[in-house]
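*Asks:* Take this structure first; my questions come after.
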Amino acid sequence: MSNAHSPDMLDWPFFEDRHRKLAVELQAWCDSQDALIARAEPLEAGPHGRDEVDRQCRRLVRALGEGGWLRYGVGGTTYGGHGDTIDTRAVCLLRETLAMHSGLADFALAMQGLGSGAISLAGTDTQKRRYLPRVASGEAIAAFALSEPEAGSDVAALTLAAREDGDEYVLDGEKTWISNGGIADFYVVFARTGEAPGARGISAFIVDAETPGFTIAERIDVIAPHPLARLRFDGARIAKSQMLGAAGEGFKLAMRTLDIFRTSVAAASLGFARHAMAEGLARASSRRMFGQTLGDFQLTQAKLAEMALTIDSAALLVYRAAWMRDQGKRVTREAAMAKWHASEGAQRVIDAAVQLWGGQGVCSGTPVETLYREIRALRIYEGATEVQQLIIGRDLLKAYAEQRDGAHR
């Protein structure tokens, strides 16, 4: 497959030489791993394909670890990370490129970072040494357990209870929509410890998969198959030493973790869109109709132009947000804009590619049909589009009020 990026994108001032080198090396690795990645697509949805999805996900995690790519999602060279902090631009380049090749490969990398991100941010030295090197090498699979049946976008409404009992916390309740559920070796779990109402009474814990009282209540099948589950905690006892950060600080930690990886969701969307664009161009150039190619029609050219505009504008938003975060700037609004525009835009680009493919575009297992299923979830997870709109609107109003009040002093 051709390079995931437009020829001049890596020359943008958002990138440094190390990012350009990373992009070239990753593309070469993807080409060398074509057989492994090809086996990951397409996958059968439902119970019959679940075991194969799990096996392929484990294989991809191991391969990504052996390739050194999982290190970019871990903070701290002492703990197996590529740098002292997580390089957001590097993570975005990784996800964009992997998504162009394989949705499951992108998923495998992303969940290692998201599942261990809170440990990188707030873990003790002991916690980091125990978990992060194994995440970076691909020896251990991580998961991020935040959502509940009645607490998705409204994280502060979560009800999983963590009751203090001597040197332990006892967890009771459920989590759902947990990626890597059923194959993870450990879960970063957010539970209500009750220090204060709402978001201020939530704490974070590392829960090992073999913990008594913790079970996989249900495996969940979705249109783009990947490991997903509902988790059950029934008197699961967790040592206090497994708490991440301070009691009552879990909500802030969850938001800090999502802030790192939300922009990378936009980057994955961008990778899916680039793949769809390549498939659309190939189809338009080869499909014969009425004595000419599909690409000779002005309607086709207009559609391709619209697809290209959507992709380039998304790329600018993605790497602006990533660059800003790497400069230590607050990126709440910019990350929300990137995720909103890139995921919704990728849906439109992929839909246009399906249209260009005609009847073949809706045949199971064709590249554009696989992309059509892959992109849909990205408009929902790590903050649905509607949530991103609220974030942007509220941030604009807050900034305006601060400017107005400052001018009146």
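The values are calculated or read from the model by the stated rules, or taken from the named source; none is laboratory data. Please read all numbers here as calculations on a predicted model, not as lab measurements. Here Cβ is always computed from backbone atoms with ideal geometry, including for glycine, and neighbour counts include all displayed protein chains.
*Asks:* So, ALA302, is that one crowded, with 21+ Cβ neighbours inside 10 Å, at negative phi and in a helix (DSSP H, G or I) or not?
*Replies:* So ALA302 does not fit the description; no.
*Asks:* Can we say GLY393 is over 18 Å from the mean Cα position of the chain (by Cα), surrounded by fewer than 21 Cβ atoms within 10 Å (Cβ to Cβ) and either farther than 25 Å from SER147 by Cβ or touching a residue at least 60 places away in the same chain (Cβ under 8 Å) (or both)? Please lay out each step first, then the result.
*Replies:* On the way: over 18 Å from the mean Cα position of the chain (by Cα): yes; surrounded by fewer than 21 Cβ atoms within 10 Å (Cβ to Cβ): yes; either farther than 25 Å from SER147 by Cβ or touching a residue at least 60 places away in the same chain (Cβ under 8 Å) (or both): no.
Judged against the criteria, GLY393 is not a match.
*Asks:* Do you know which residues across region 166-195 are outside any strand (DSSP E or B), farther than 18 Å from ARG219 by Cβ and acidic (Asp, Glu)?
*Replies:* Of everything in region 166-195, those that are outside any strand (DSSP E or B), farther than 18 Å from ARG219 by Cβ and acidic (Asp, Glu) turn out to be ASP167, GLU195.
*Asks:* Using the structure shown, decide if ARG262 is basic (Lys, Arg), under 22 Å from the mean Cα position of the chain (by Cα) and not in a strand (DSSP E or B).
*Replies:* On the way: basic (Lys, Arg): yes; under 22 Å from the mean Cα position of the chain (by Cα): yes; not in a strand (DSSP E or B): yes.
Yes.
*Asks:* Condition check: part of a helix (DSSP H, G or I), surrounded by fewer than 24 Cβ atoms within 10 Å (Cβ to Cβ), in contact (Cβ under 8 Å) with a residue 24 or more places away in the chain and more than 17 Å from the chain's Cα centre (by Cα). Does ARG62 satisfy that?
*Replies:* Working: part of a helix (DSSP H, G or I): yes; surrounded by fewer than 24 Cβ atoms within 10 Å (Cβ to Cβ): yes; in contact (Cβ under 8 Å) with a residue 24 or more places away in the chain: yes; more than 17 Å from the chain's Cα centre (by Cα): yes.
Criteria met by ARG62.
*Asks:* Among the residues in region 216-224, are any closer than 23 Å to ILE350 by Cβ, in contact with a helix residue (DSSP H, G or I) (Cβ under 6 Å, 6 or more places away or on another chain), touching a residue at least 24 places away in the same chain (Cβ under 8 Å) and charged (D, E, K, R)?
*Replies:* There is no residue in region 216-224 that is closer than 23 Å to ILE350 by Cβ, in contact with a helix residue (DSSP H, G or I) (Cβ under 6 Å, 6 or more places away or on another chain), touching a residue at least 24 places away in the same chain (Cβ under 8 Å) and charged (D, E, K, R).
*Asks:* Among the numbered criteria (1) farther than 20 Å from SER147 by Cβ; (2) of a type outside the set (S, T, N, Q); (3) touching a Leu at 6+ places or on another chain (Cβ under 9 Å), which one does LEU160 miss?
*Replies:* It fails just one condition, (1).
*Asks:* A follow-up question, please. Would you say SER153 is closer than 18 Å to MET255 by Cα, touching a His at 6+ places or on another chain (Cβ under 9 Å) and not hydrophobic (A, V, I, L, M, F, W, C)?
*Replies:* No: the conditions fail for SER153.
*Asks:* OK, next. Give me the pairs, please: first residue somewhere in region 234-255 and assigned by the TED database to the domain that holds ALA209, second residue anywhere and part of a strand (DSSP E or B) and among the charged types (D, E, K, R), beta-carbon distance under 6 Å, and either six or more positions apart or on two chains.
*Replies:* Within 6 Å, the pairs are ARG237/GLU168; ALA239/GLU168.
*Asks:* Which is on the phi > 0 side of the Ramachandran plot and in a helix (DSSP H, G or I), of GLY345, GLY358, GLY393, GLY365?
*Replies:* GLY358
*Asks:* Moving on to the next point. Given VAL53, VAL135, VAL91, which one is out of contact with any helix residue (DSSP H, G or I) (no Cβ under 7 Å at 6 or more places or on another chain), in a helix (DSSP H, G or I) and of a type in the set (A, V, I, L, M)?
*Replies:* Matching residue, one of VAL53, VAL135, VAL91: VAL53.
*Asks:* Separate question: Would you mind stating whether ALA353 is closer than 25 Å to PRO13 by Cβ and of a type in the set (A, V, I, L, M)?
*Replies:* no
*Asks:* Considering only region 104-119, I want to know if a residue exists there that is outside the structural domain of ILE375 (by the TED database), at negative phi and not in a helix (DSSP H, G or I). Write out each step before concluding.
*Replies:* Let us first name the residues in region 104-119 that are outside the structural domain of ILE375 (by the TED database), namely 104-119.
Then keep just the ones that are at negative phi; that gives 104-119.
Those still in the list that are not in a helix (DSSP H, G or I) too: none.
No, the conditions are met nowhere in region 104-119.
The rows are residues; the columns are (1) among the β-branched types (Val, Ile, Thr); (2) under 26 Å from THR257 (Cβ atoms); (3) at pLDDT 95 or above.
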residue	(1), (2), (3)
ALA322	no, yes, yes
VAL331	yes, yes, no
GLU344	no, yes, yes
SER364	no, no, no
ALA377	no, yes, no
ILE380	yes, yes, no
GLN403	no, no, no
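For (1) under 30 Å from THR193 (Cβ atoms); (2) surrounded by fewer than 17 Cβ atoms within 10 Å (Cβ to Cβ), each residue gets a yes or a no:
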| residue | (1), (2) |
| --- | --- |
| GLY250 | yes, no |
| ARG256 | yes, yes |
| PHE261 | yes, no |
| GLY271 | no, no |
| ARG274 | no, no |
| ALA284 | no, no |
| ARG287 | no, yes |
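*Asks:* Just one of ALA209, ALA162 is among the small types (Gly, Ala, Ser) and touching a residue at least 40 places away in the same chain (Cβ under 8 Å); which is it?
*Replies:* Within the list ALA209, ALA162, the selection yields ALA162.
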